[in-house]
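*Asks:* Got a structure here, written out as structure tokens. Questions coming.
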Amino acid sequence: MAVTAKMVKELREMTGAGMMDCKKALVETDGNIEAAVDLLKEKGLAKAAKKAGRVAAMGLVRTAIAADGKSAAIVEVNSETDFVAKNDEFVTFVETLAQMALENDAKDMDEFMALPYGDEGSVQDVLTNKIATIGENMTIRRFEKVSGEAVVSYIHGGRIGALIAGSVEADDDVKAALTNVAMQVAAMNPQYVSRNDISDEELAKMHDITLESALNDPFTLPKPILNALLDKAVDGVWGDEDVAILEEKRNDKKFNFNYLPNFLSEDAKSKLAEIAVADKDSISENKIFKGLVEGRVSKQLKDICLLDQTYVRAEDGKQTVSQYLATVNKDLSLVAVVRFEVGEGIEKKEEDFAAEVAAQQAAAAKK
């Protein structure tokens, strides 16, 4: 049977495959469109397998919320390029997956990939076919489902999504408050909801790292401790030039000691840090130093714990997220907080565009 342009167009619309691929499939199947579809799918499986090793770090995050507003799901699907992530077919696919995550009880990715996707086979089958027809590696990376008395979602630019579940029944004020918190989560990326979520081991590690960091930056230590370290440094540790500089600056009553490091050699600063680290046991017992370390740890906790963070829309610039929620409803607490950012944690391949063009030109010249 002669293959017509109309047949090629019809097959292309059905499969999304390239025009030449459609024409070849029709020629091989003697114009049988159904057989050509199957042939493209078979070839697509091979193409998808080849593409599976390519890094997919772009993509979309989408959410779906139940009609009663008490449950929601979020999903991240990755592609190789931002161009594909903006494709209508890809967007619809991700939105459908978010709705499926909401409506089903898949416990893990294996169960999710095995879910039926209409009459097109499983989610895995559909993904494989889309890899073949779109021409890029794609991965359904993760999904999560939450529930509570009130659930809201927030999507920023399609690349960052947040779900927040609250503990009290939804009204306009509660929904608005939870949405504001979802926006804060998207923007500030807290690692924990509250300090209670941090294990004793993690807190101890944070404390140790902060302590060591303080000792290795002795010029930020309280003045009594710094002066004691400087006395040890000039007693046969520093060179004559640095000792002379220190004495000069100590005798200058107008000199701002915060600028002392700017006048000292790198060797002198390094040796002072070594003295501080060597005196770790005695310095650690100093009450002033303990207060400094605890203060720095507390500041870190305010940065990484959502409820301790300063609410970004606080009029006084001081109100915490916890305090903000209490002003809306004293019984309102956060039942679940989820944040997805496209590609986070995925090692992205560094592209050398010039080298890629040169390679393509070289390959073309050999033909």
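The values are calculated or read from the model by the stated rules, or taken from the named source; none is laboratory data. These figures come from a predicted structure and were not determined experimentally. Don't worry about glycine lacking a Cβ; one is built from the backbone with ideal geometry, like all the others, and counts go over all protein chains shown.
*Asks:* Which of the residues spanning the range 281-299 are surrounded by 14 or more Cβ atoms within 10 Å (Cβ to Cβ) and out of contact with any Ser or Thr (no Cβ under 6 Å at 6 or more places or on another chain)?
*Replies:* The answer is Ile283, Asn286, Phe289, Leu292.
*Asks:* Sticking with this structure for a sec: Say whether the condition of being without any contact (Cβ under 8 Å) to a residue 24 or more places away in the chain and among the hydroxyl-bearing types (Ser, Thr, Tyr) is met by at least one residue in the range 174-186.
*Replies:* no
*Asks:* Also, I was wondering about something else. Mind telling me which of the residues Val243, Val297, Val234 ends up being in contact with a helix residue (DSSP H, G or I) (Cβ under 6 Å, 6 or more places away or on another chain), under 30 Å from Ala187 (Cβ atoms), outside the structural domain of Val151 (by TED's automatic domain parsing) and not hydroxyl-bearing (Ser, Thr, Tyr)?
*Replies:* Answer to the selection: Val297.
*Asks:* Quick one: how many residues across the range 302-336 are charged (D, E, K, R) and part of a helix (DSSP H, G or I)? Steps first, answer last, please.
*Replies:* Just the residues of the range 302-336 that are charged (D, E, K, R), to begin with: 302-303, 308, 313, 315-316, 318, 330-331.
Then drop every residue that is not part of a helix (DSSP H, G or I), which leaves 302-303, 308.
Qualifying residue count for the region: 3.
*Asks:* Residues in the range 91-102: is at least one aliphatic (A, V, I, L, M), over 22 Å from Leu115 (Cβ atoms) and within 20 Å of the chain's Cα centre (by Cα)?
*Replies:* Checking the range 91-102: not a single residue is aliphatic (A, V, I, L, M), over 22 Å from Leu115 (Cβ atoms) and within 20 Å of the chain's Cα centre (by Cα).
*Asks:* Under 7 Å between Cβ atoms, which residue pairs at least 6 apart in sequence (or on different chains) link something in the range 105-120 that is in the same structural domain as Glu95 (by TED's automatic domain parsing) and loosely packed, with under 10 Cβ neighbours inside 10 Å with a partner that is polar (S, T, N, Q) and assigned to a loop (DSSP other than H, G, I, E, B)?
*Replies:* Pairs found: none.
*Asks:* Going residue by residue through the range 207-223, is there one that turns out to be touching a residue at least 40 places away in the same chain (Cβ under 8 Å) and within 25 Å of the chain's Cα centre (by Cα)?
*Replies:* Scanning the range 207-223 turns up at least one residue that is touching a residue at least 40 places away in the same chain (Cβ under 8 Å) and within 25 Å of the chain's Cα centre (by Cα).
*Asks:* OK, next. If Gly236 meets every condition in (1) small (Gly, Ala, Ser); (2) in a helix (DSSP H, G or I); (3) farther than 30 Å from Val337 by Cα apart from one, which number is that one?
*Replies:* All conditions pass for Gly236, except number (2).
*Asks:* Looking at (1) assigned to a helix (DSSP H, G or I); (2) at pLDDT 75 or above; (3) exposed (fewer than 13 other Cβ atoms within 10 Å of the Cβ), which one does Glu13 not meet, given that it meets all the others?
*Replies:* (2)
*Asks:* If you take the residues of the range 56-80 that are in a loop (DSSP other than H, G, I, E, B) and either touching a strand residue (DSSP E or B) at 6+ places or on another chain (Cβ under 8 Å) or among the polar types (S, T, N, Q) (or both), which of them is modelled with the lowest pLDDT?
*Replies:* The qualifying residue modelled with the lowest pLDDT is Ala56.
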